Each structure stands twice: as structure tokens, then as C-alpha cells.
Amino acid sequence: MEHKKETHQFKAEVVKVLKLIINSLYSHPEIFLRELISNSSDAIDKIRFKSQTETGILGKDAEFKIRIVPDRKARTITIEDNGIGMTYDEVVENIGTIAQSGTKAFLEAMEAMKKDTIAPELIGQFGVGFYSSFIVADKVTLVTKAAGTKTATKWESSGDGTYTIEETAKKGRGTSITLKLKERGEDEADYTDEWTIRDVVKRHSDFVNYPVVMDVERDEPIPDAELLKDSSGEPIGETTRKVKREETLNSMKAIWARSKAEVTEEEYAEFYTHISHDWNPALTHLHIRFEGTTEYNALLYIPSKLPMDFAVRERKHGINLYCKRVFIMDDCRELMPEYFSFVKGVVDAPDLNLNISREILQQDSLVRNIRKNLVKRLFDLLEGMDSQMYEQFYTEFGPILKIGIPTDPDNRDRIAKLLRYQTTRSDGAYISLADYTARMQEGQEEIYYITGEHAATLLNSPHLERLKEKDMEVVLMTDPVDEFVVQVLRSFEGRKFTSAEKGDLSLGKVDEKKRHEFDGFFAFLKEELSDKVKDVKASTHLKDSLACLSGETYDLSPYLEKIMKATGQKAEPAKRTLELNIEHAAVANIKFLYEKNGKAPILKEYARLLFDLALIAEGSKVDDPARFSKAIGSIMAEAITAEELIEGDAIEV
């Protein structure tokens, strides 16, 4: 029976991915076998899950296996399974385009790394695992037949930018992938060798839930009844013969179902690598067995490093959900809140209702109960860490943990106790809010904070001058999410959060008599800057600096405005109050000039300069840098009198 064979061109981005994989993973070529076995395991998971609702789909083929068939003479290795298989259209969609959005995410990750070599953990992470075959193969042939269909599909490529696809015949459902191996060098592994295959499977795929089998040849004794013997009963000729036997290469141990006493640290580490594709060791793990009205097992890991794809929109959460060791889903967001989305692991709930759909999973009472208990135990784990481990954790995942403050009111207090910040007195170290409150000044009732991009900039903010004078410690908040943390949290252990750059600080009042002396001058400035500020007043923040801008308690901070604009959100700049240091000589001199001649043109220039200097002091940009530079130049020129120049012999007069 003849079928039409079609030849297609790979998309440009697919060719780029292929080139990267083929040329950059030479130091980790065995990854291809891990990825193909993983794909086969996924395919079997899908058919098992489907069989729960479609009885009869398995037929007589209900013994799941992943078979490896090496052929040393032909220089090929075949990986085949009896999983769900693919239709013609699915082959075109999944194999021809590399997991749709995964290609873009993969290339973005590579661009972010700015390296020519690919970390092995990236393979499979973005749906490009199948193409790791071309690391070791000159040609890859895939034959697949979807469950419940009559026709199979053959896909073939040499990784040269094209592939062929055609209908074919295949006995039974599932997928078979045959690699025509490249000629190997003297120091390169032989992937048709039994012991090489065993080693790779043991290291990378030992915990796959299905038997990874291979026919092996062994010398076995010939049964006594079949031996040729001489007259004295002694054997004549060979007493052994070579026999092929099917052997299982992996342990298939679901270590989450075993007691903690039975699992070694090495097994925990191997399983983490298996489920996470992360070659960095986990920071720590949590192995739990819940017993009672409902029973379930969980094995959770906290990574030591933030995953490279964490910011990718299509990134999956790390929890795999099983029911009686039957795979349900690998992206179970319902079991873990967003602020713990970096946690990886397995949850096996035998009592889970298999008829529930993904859409209503979050409504299931058992799922809600599991989530609540897992979150509680994770908090216990974090709270029990020693300071060094927790510092490592917080450095990587602190900003993500903070998301829980605005999103999880039930656990808000526990999260708040886990937060760490630098302060004006911590010398770069991170301290807890509890540590801050423990060393507050006598009579201090508020937790002072300031937000911005860089701690070094915040440390020198003019808003902190009076606070520093009073030896008041200030929390430095540099994560964008901190703006929402303080808005939602409002207080910690009864101590109110107070912004160092908003409103008046209760650190002693301004001399009322002296302040009134500036009323007319401030009214003039307010009129001149009416398009920029809502008010002008004597500062409660400044000690040495000339000017600063302060907002009302619930106004958007400049940092939050910047964040919103950077993310494409509309943020109308709020007019703020210009605060002036009435003890500063420059302010006094400008006031004197105003009182002497309130219509002097230079006063308008001074008004704009005072506002621009306040902007610069907080790290913001002035509206017209050229005008500002020109004004400063003029003031400098006027300040240097001819008499001073003559005395310094700088010019001839």
C-alpha cells in the first residue's frame, strides 16, 4: 500500500534550536536517552489516564513498557513505548514545530545566558527534548500510531533543515524512535553497548514509573537433560549457551511512597534531578505522609537556585499530581500558591476523584485540604532553617515569597515574619522585621521605611536626614513588590509602617515663628510651580540638604509610578509637596532676594532650580536637563567674582 510522502522545511527558529542543540551539548550527549525515555513515560501516563474514562482503549495491550533496542552492527538504537501515540496532525504540530511556544522561550533563555553552550537542564525544559536525539544521530526516524486509530505516521529527518512525513503501518499503538548513530570517536560512549545504556538509565531514568526494558544476551548453563554426554556420563562439547532475556533496567521506585527511613540522601538527590531537570542540588526537601480521614504522600523540594525560565509566561509550576501512582497532571497550580510556585515535587493522593476536571480541581475539598497542609508544612520548614540556609533561600526566592502578603491573607502574618530587609543600620546585612522592632528607639511607635531601586541610593536619600539625626533606623525596600507589601501589611506586631518620604515625620515640630517668616516666599513658590507641586512648606525631613519632595500618605510613590510605567500601566504622576530646609543658607538668601524685590526675573529661575534639585536628590530625572545645566552654569559664573579671580591670578584684568 503506497502513501504520499511529504517533505517540509523546518521553521527558521527550529533550525536555530537544532543548531544550538547539536553543536553545544557535546559534553552531555547521554541527555538524549533521558529525554526520549521521559517522553515515552509521558505518553504512557496519558494513555493510563485516558483509560480511566475510556474503558477498552487499552485492549489486550495493558502491560506498559519502554523498550530499548540497540543494534551494534547497524549502529542504531531504538526507543519504543506502548503509550498514547500521535496522529498525523499531532506529529506535524508537536514534532515539526518543537512544542509551539517552547521554541521562543528556549531561545530567550539562551539569549539571557549569553553563552554558546547549553546547560543540560535546559533540554526538555522548553519542550525541545526530542531534538536532543540529533546530538548523537545522523538520522532520526519516528513511527507512531495513536490509540484507537488504524493508520500510523512516519516522520524522518537528518537535522538538515527538512523532514519527511508519510502514512505507514504499525502493529499496535505507541511510538518508536530509531536513531542512526553517528560514527563515534575513541573517547566517546557507545550507545549500542549494554553497559553504557544501563549506566545512563540508572543515572537519569531510574525513577521512571514504567519498566525500561532491554533484551540482553547471557551465557546460561545448558540443562543437564539437553547435554551430550560420553559413556561415562561426562558432558561432550559446550556446557553453556547464549540466551536472550528481557531485563528491566530501572528500579521504578516511587520514593515518595516509601518511609523516610528507607530513602537515602543520594536517592532524594537523584529523584530531584529526575523531576526538575535541575543539575543544581536542591537546597532542602520535605517528605511527608498525611494520615487520617484522607491519606496522601508528598515529596517537595526547595531549589537552591531560581529556575532560568521562572519569568517565562508559559512556565509550569513544579508540582506533579498522582493518584495511586497514576499520573494526573504536571502543572498543578491548585496545590501550591503563587508565592511557593518555585517548589518542585510530587503529591500522590489515592482518594482523589479522578472524574474531576482541571477546571474544577480547585473546588475539590481534598485538593484544598492538601494545599492548606502543604503550605503549613513549608512554613514550618522555612521557620526551622538555620540562618545560613535561610539566607541562601531568601536571596533567591525572597521577592517571590513577598507575593503572599497581598495574595494570601490567611498566612500574611507568617510571611511577614519571614521577610528580611537591609536597613540604615544593618551594614548591608538583611534583618527581620522582628529584629527591627526589638531595637527601636525608646518612644518610637512607627516602622520607618523608604522604597527605591538601590539600597545605596536610599541610604543617601535626603528624606532620611532627620531620621538619622534622631538615630532612627529605616527599612530599605528595593523590590518592586515591597510597595504592595507595605500597602497591604500596614503594620507589624502593632507597629505602623510610615514612609520616610511621605507626609510629616513626628520628630519634633518646626519653629512656628520662623516658619511664618517664610509664608509669603512659599506662597510665591507655590504659584510659580503650580503645574509641578501641590504645596510648598518647611521640611520635617531635611537637615543638611536644600530641598526634597514628599507625598501624602496614600499617594503613589515615585518608585511605584516608575514600576507601573515600566509595565505599561497608566500612572498619572501625583503632585507632591516641595519641602525646603529653612535652615539652609541658600533658601534664606533666595527668601531675602524675594523680600527685597519680589518681581526679580531670577526668582522664577530659582523656583525651578529648587524643584529640579529636589527631583535629583531622590534619583528622578529633571524635565529639561539642558535648561537645568545652563542655569547652574550661570549661577556658578556669577558666584565667582572678579575680585576672587584676580586674587587667584586666574585671569588678567
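Highest mean packing first, where packing is the average number of other Cβ atoms within 10 Å per residue, the peptides 214-223, 527-536 line up as 527-536, 214-223. For C332, the residues whose amide H sits under 5 Å from its own are I319, L321, ignoring neighbours fewer than 5 places away on the same chain, with H placed 1.01 Å from N. Placing a pseudo-label 7 Å from each Cα along the Cα-to-Cβ vector at S231 and D471 gives an inter-label distance of 11.6 nm. Cα to Cα, under 19 Å, and not fewer than 8 places away if on the same chain: which aspartates and glutamates meet these conditions relative to K604? The qualifying aspartates and glutamates are D519, E527, E528, D531, D535, E579, E595, D612, D623, D624, E638. In order along the stretch 232-244, the phi-based Karplus estimate (6.51 cos²θ - 1.76 cosθ + 1.60, θ = phi - 60°) of 3J(HN,Hα) comes to 8, x, 7, x, 10, x, 5, 10, 10, 9, 7, 10, 8 Hz; Gly and Pro are listed as x.
Using a probe of 1.4 angstrom and keeping all protein chains present, the accessible surface of the stretch 349-471 works out to 52 square angstrom per residue. Summarising the amide proton neighbourhood of R576: residues at separation of 5 or more, or on other chains, whose placed amide H is nearer than 5 Å comprise K534.
K604 label point, 7 Å along Cα→Cβ, cut-off 19 Å on backbone N: hits in the stretch 504-545? The answer is 521-533. Taking a ≥ b ≥ c as the square roots of the eigenvalues of the alpha carbon gyration tensor, the stretch 363-405 is oblate, as a/c is not under 1.5 and a/b does not beat b/c. Modelled this way, with points 7 Å down the Cα-to-C-beta line, the labels at H516 and T437 are 4.2 nm from one another.
For a modelled paramagnetic label at Q569, 7 Å from Cα along Cα-to-Cβ, the residues of the stretch 433-458 in reach, with backbone nitrogen under 17 Å, are 451-453.
Probing with 1.4 Å while keeping every protein chain in the model, the per residue accessible area of the stretch 146-218 equals 47 Å².
Which order do peptides 262-275, 138-151 fall in by mean Cβ count within 10 Å, highest first?
Highest-to-lowest ranking by the protection proxy: 138-151, 262-275.
In terms of packing, defined here as the mean over residues of other Cβ atoms within 10 angstrom, the peptides 233-243, 495-505, 588-598 line up highest first as 495-505, 588-598, 233-243. Name the shape class, rounded, prolate or oblate, that the alpha-carbon gyration tensor gives for the stretch 159-304, where a ≥ b ≥ c are the square roots of its eigenvalues, rounded holds for a/c under 1.5, and otherwise prolate holds if a/b is larger than b/c and oblate otherwise. It comes out oblate by the Cα gyration axes.
How far, in nm, would the chain grow between S304 and R414 when pulled straight, counting 0.36 nm per residue and subtracting the alpha carbon separation?
37.4 nm
Counting Lys and Arg as +1 and Asp and Glu as -1, what is the net charge of the other residues whose Cβ lies under 15 Å from the Cβ of G384? Neighbour charge sum, excluding G384 itself: 0.
Which of rounded, prolate or oblate describes the chain when judged by the alpha-carbon gyration tensor and an a/c cut-off of 1.5? Cα axes put the chain in the prolate bin. For Y296, the residues whose modelled amide H falls within less than 5 Å of its own, excluding neighbours fewer than 5 places apart on the same chain, are F290. The lysines within cross-link reach of K599, meaning a Cα-to-Cα straight distance under 16 Å and a gap of 8 or more places when in the same chain, are K526, K591. Overall, the accessible surface of the chain at a probe of 1.4 angstrom is composed of carbon and sulfur to the extent of 48 percent. The phi torsions of the stretch 397-413, fed into the Karplus equation with coefficients 6.51, -1.76 and 1.60 and a -60° offset, translate into couplings of 10, x, x, 6, 4, 5, 4, x, 4, x, 9, 10, x, 5, 10, 4, 5 Hz, rounded to whole numbers, with Gly and Pro shown as x. If one takes the longest principal axis of the Cα atoms in the chain, at what angle in degrees, from 0 to 90 and to the nearest 10, does the Cα axis of helix 265-276 lie? Tilt relative to the chain: about 80 degrees. Note the angle between two axes, namely the Cα long axis of helix 102-113 and the longest principal axis of the Cα atoms of the chain, as a number of degrees from 0 to 90, rounded to the nearest 10. With rounding to tens, the tilt is 60 degrees.
The values are calculated or read from the model by the stated rules, or taken from the named source; none is laboratory data. Computed from a prediction, not measured in an experiment: that's the story for all the values here. Quick reminder, even Gly has a Cβ in these numbers, built from the backbone with ideal geometry, and neighbours come from all protein chains shown. Remember, those area values only see protein heavy atoms, side chains included, never the ligands or the DNA or RNA. Shrake-Rupley method; radii C 1.70, N 1.55, O 1.52, S 1.80 Å.
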